[in-house]
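First comes the structure, then the notes that go with it.
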Amino acid sequence: MAEPQTAAVTPKAKPKPVATSASAFEMPKFEMPKFEMPKMEVPAAFREVAEKGVAQAKEHYEKMKSAAEDATEMLEETYATASKGCSDYGLKLVETAKANSNAAFDLFGELLTAKSYSEVVELYTAYVRAQFDTVSAQAKELADHAQKVATETVEPIKESFTSAFSKAA
């Protein structure tokens, strides 16, 4: 068998870039047109209206800025009042829970020293009556305190809106 003939493969040479003159690709030169504003006098009536508009805008801006500062101050005061009121309410709840717990422990101590079932029933009945009255009074006190906190918190907001609407009117 005959061996296949292999031709020597020579890599193709890359074509060399053709030298071109730089002037063939230059951008055309032209000047931008100048647009000048025509010089004309603005009538005095228009100037007055514009000046009044600017003055009114400044005045309204100052009013809005003042109103925003007042609203921010009012909200800060309201938040402080609400925070203090809620803290006081929480303390009252803790005091109430402490009083009720102490009463329950006192009852259990008395029940441990009871000598008969009838004495246990008597002690427990007296405790329940006393606790009913105590819890009713505590609930009324907590409700009154919550109402007071709500009123103290909402009152500045109500006054602020009232004064803001009276200024706007």
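The values are calculated or read from the model by the stated rules, or taken from the named source; none is laboratory data. Keep in mind it's a predicted model, so treat the numbers as computed, not measured. Cβ: placed from backbone, ideal geometry, glycine included. Neighbour counts: every protein chain shown.
The figures follow:
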read-out: Single residue of the range 87-131 satisfying the filter (under 43 Å from the mean Cα position of the chain (by Cα) and loosely packed, with under 12 Cβ neighbours inside 10 Å) that is nearest to Thr153 (Cα to Cα); value: Ser87
read-out: Selected residue (only one of Thr10, Thr6, Thr81, Thr20 is modelled with pLDDT of 85 or more and out of contact with any Phe, Trp or Tyr (no Cβ under 9 Å at 6 or more places or on another chain)); value: Thr81
read-out: Sole exception among (1) part of a helix (DSSP H, G or I); (2) at pLDDT 90 or above for Glu152, by number; value: (2)
read-out: Glu62 vs. criteria under 30 Å from Ser163 (Cα atoms), surrounded by 10 or more Cβ atoms within 10 Å (Cβ to Cβ) and modelled with pLDDT of 80 or more; value: yes
read-out: Test for Tyr89: is it among the aromatic types (Phe, Trp, Tyr), in a helix (DSSP H, G or I) and touching a residue at least 60 places away in the same chain (Cβ under 8 Å); value: yes
read-out: Residue list for the range 46-75, filter: hydrophobic (A, V, I, L, M, F, W, C) and more than 30 Å from Thr153 (Cβ to Cβ); value: Phe46, Val49, Ala50, Val54, Ala55, Ala57
read-out: Unique match (being touching a residue at least 12 places away in the same chain (Cβ under 8 Å) and within 25 Å of the chain's Cα centre (by Cα)) among Glu77, Glu159, Glu155, Glu69; value: Glu77
read-out: Qualifying residue in the range 137-148 (condition: touching a residue at least 60 places away in the same chain (Cβ under 8 Å), loosely packed, with under 14 Cβ neighbours inside 10 Å and hydrophobic (A, V, I, L, M, F, W, C)); value: no
